[in-house]
Every structure is written in C-alpha cells, then in structure tokens.
C-alpha cells in the first residue's frame, strides 16, 4: 500500500476512466480532479483539475460505456451535469450541460447530512440511475414533503428525462455499482441511527426494479421501527381503543401491513453504523498487477466508519465474495489499520477504483489521501 496522491480538501468518490485516468470528486472543494500515471516513487505523475465551481460533486460516470465515452456525468447535490469528453481529456473543454436540473436537496443531519448523489448506467446504456438519500433519520415519508423522491433510486434516461422511482426505502444508497455478470444495480447503503449500538445494520445489496427496502417504517425485512406508529391490522389494530370507522391517518397506517411483506432483506448485512460508501465489482480479467483469481468478480466497498457507536466499527475496505454474480452473504476485512489501538482514527475510506493493471485505489477523507494497493505475490 502506497501513497498515490494528497493535497485534496475532501477526496470522496473515485472512478477510473477507460484510458486509466483516475477521476476524483473533491467534494468540499467543488472540483473533480484527474490523476494520471505513476512516478518512480509511486505518486501520481500528473494532477489536473478537470472541472471546478461544482456543488458538492460526488457521483462520476462515463457514457456511453466502452473504450470511447463521449461524456462525463457528474452528480452534484442538487443536479446532474455532463461534460463533453474524449479519451485522455485532463481538463473539460467546454461548459457543462445540465441534464437533471433539480434533485432533492440535502438535509442538515448530524454528521453532515445526506448530500451525496451517485450516478450509474445500465449495461445497455438506456437507463440512468441516481441515488438520493433521505432527508431525515426516520421521518414518516408520507407526511414530510422534504422526503419526496428521497431514500430512493431515481431512474432517468441518459438525456435527463425522469422515468420513475426505480426502487425505494433505501435510507441512503451512497455508492452504486452495476454487476457486470447479471446487469443488476447494486447499492452500498447507510441505514438509520438512534436505535442503539447494534441497530440498524448497514448493507450492500442488489436492487431489483420496484424493490422496497423498508425505510422508514421497516428494516431488515419486516421489522417495524418502534419510533413510528404501529400499523393497524384488518382495521382494528393492536390498540383496543381503535374502532371503526378509522380516521384517514389510521387507514393510511393500515396500508403498511401490506408493505411489511414487501420489504426485501439485503444480500449482504454489515455491522451497524459501518457507513458503507462507494463499492465496485473487481474485473474477471484484470491487468498484469491483478489480484489472485479468488478475488475476481468479487465486490469491494469502502466503510467510512461509525460516528455514534460505543465501539468503533468500519474504517476499512471490505471484500464481498461473489459466486456467478451473486453474493454469498459474507464479507471480510480487506484493508484495515485506519484506527490506532487506543481507538483514535486517522483515516476514513470513502472510494474504491480498479486501475487498468488490476491494482486498487482507495480514497480516504480522513488523511485526505488516495492510496494505491498493489498485489506483490506470485
């Protein structure tokens, strides 16, 4: 593991361009930085500002898929823009085009708020998926207007026309990735807080069309959040004082009995408060510095770390074993050591990206570093 680049204000999501350049969202600085090449001492040979003056950029995607994309899409907090791009561009050559002019704005939550937006395209290039985290911890989404189109994956065309809410009930899908084997969208998701040290687990999961993951009423399948009104059952409810006819609010709650059976259990359940951020799928055919065959096709995810748990959790990069494009349900430590034995934190992983040679890059907004993880075995 080597230091590849430093000098950022807030290095967050990173993605590899088809030509091998590394695009880094320096979110607090409002910039997207390009890193290229490697000096003899292992540092980036060139560092350029591709674009600046952006609104907390996070998600980055190249379109269309393949070796010669024409656009770089950037998901700001409240919009999606794109820059014309040809392979090898280090600096944007023209002003951006606004594709989605309005995304739901970020909330001022403790810990920074759900302001990150990721962007991903389906393998056929026809769908654009934008992840938008919730505006609260556990507000009733039916009665709080600020939760409109939040805790959702929103589907658009690549030209920015809204299509539908693709999936819902994901409190904060920070990182999106498309499984190259199955074509399925996946999410690295932060769950809710304030239910103690051991609830609710964060998770990494495939996200089917029209999938519902429970937020805010349920979690991990049909488990009811105790802070929200208990739903009725067949118009009578658990409270014997509830009698017909029901009020409009009670009738609305009764509908949630049906919702509980629709809540999906995620594919990979993580520790609570891991703060799972960017994820990716390791290529089946990496370059000359590729990891051993055991890792190929597996997932990797950056765990930013807990801010409200008695015993720290996260602060690492994990590996998610996969079999023919499907998760086994397990995860394991891959890159650790960002905390000291006495519990102090010096690094917080955010982003992961694979170089063309098969090595791995990790962004860390604790030490404001992009790290380079290189396999040196035989």
Subject >> Looking only at segment 165-181, and only at residues there that are within 15 Å of residue 121 (Cβ to Cβ) and assigned to a loop (DSSP other than H, G, I, E, B), the one that is farthest from the chain's Cα centre (by Cα) >> reply: 180
Subject >> Residues being closer than 15 Å to residue 352 by Cβ, within 18 Å of the chain's Cα centre (by Cα) and assigned to a strand (DSSP E or B) - total across segment 301-334 >> reply: 8
Original post:
Which members of segment 257-313 meet the condition of being touching a strand residue (DSSP E or B) at 6+ places or on another chain (Cβ under 8 Å) and over 16 Å from residue 202 (Cα atoms)?
Top reply: 259, 260, 262, 280, 281, 282, 283, 286, 291, 295, 297, 298
**OP:** State which residue pairs qualify: first residue within 16 Å of residue 340 (Cα to Cα) and inside segment 307-320, second residue at pLDDT below 80 and loosely packed, with under 15 Cβ neighbours inside 10 Å in any location, beta carbons under 8 Å apart, and separation of 6 or more residues or different chains.
**Re:** 307/111
Subject >> Checking residue 135 against (1) surrounded by fewer than 19 Cβ atoms within 10 Å (Cβ to Cβ); (2) touching a helix residue (DSSP H, G or I) at 6+ places or on another chain (Cβ under 8 Å), the condition it does not meet >> reply: (1)
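In segment 95-112, which residues are at pLDDT below 90 and either out of contact with any strand residue (DSSP E or B) (no Cβ under 7 Å at 6 or more places or on another chain) or surrounded by fewer than 16 Cβ atoms within 10 Å (Cβ to Cβ) (or both)?
105, 106, 107, 108, 109, 110, 111, 112
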**OP:** Might you check whether a residue that is surrounded by fewer than 12 Cβ atoms within 10 Å (Cβ to Cβ) and out of contact with any helix residue (DSSP H, G or I) (no Cβ under 9 Å at 6 or more places or on another chain) occurs anywhere in segment 113-123?
**Re:** no
Original post:
residue 186 versus (1) closer than 27 Å to residue 50 by Cα; (2) touching a residue at least 60 places away in the same chain (Cβ under 8 Å); (3) assigned to a strand (DSSP E or B): which is the lone unmet condition?
Top reply: (1)
**OP:** Identify, from the list 337, 343, 347, the residue that is free of Cβ contacts under 8 Å to residues at least 60 places away in the same chain, surrounded by 14 or more Cβ atoms within 10 Å (Cβ to Cβ) and not in a strand (DSSP E or B).
**Re:** 347
**OP:** Identify, by number, the condition in (1) modelled with pLDDT of 95 or more; (2) in a loop (DSSP other than H, G, I, E, B); (3) surrounded by 18 or more Cβ atoms within 10 Å (Cβ to Cβ) that residue 82 doesn't meet.
**Re:** (2)
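The values are calculated or read from the model by the stated rules, or taken from the named source; none is laboratory data. Nothing here was measured: the structure is a model prediction, and the numbers come from that model. Note: ideal-geometry Cβ built from the backbone for every residue, glycine included; neighbour counts use all protein chains shown.
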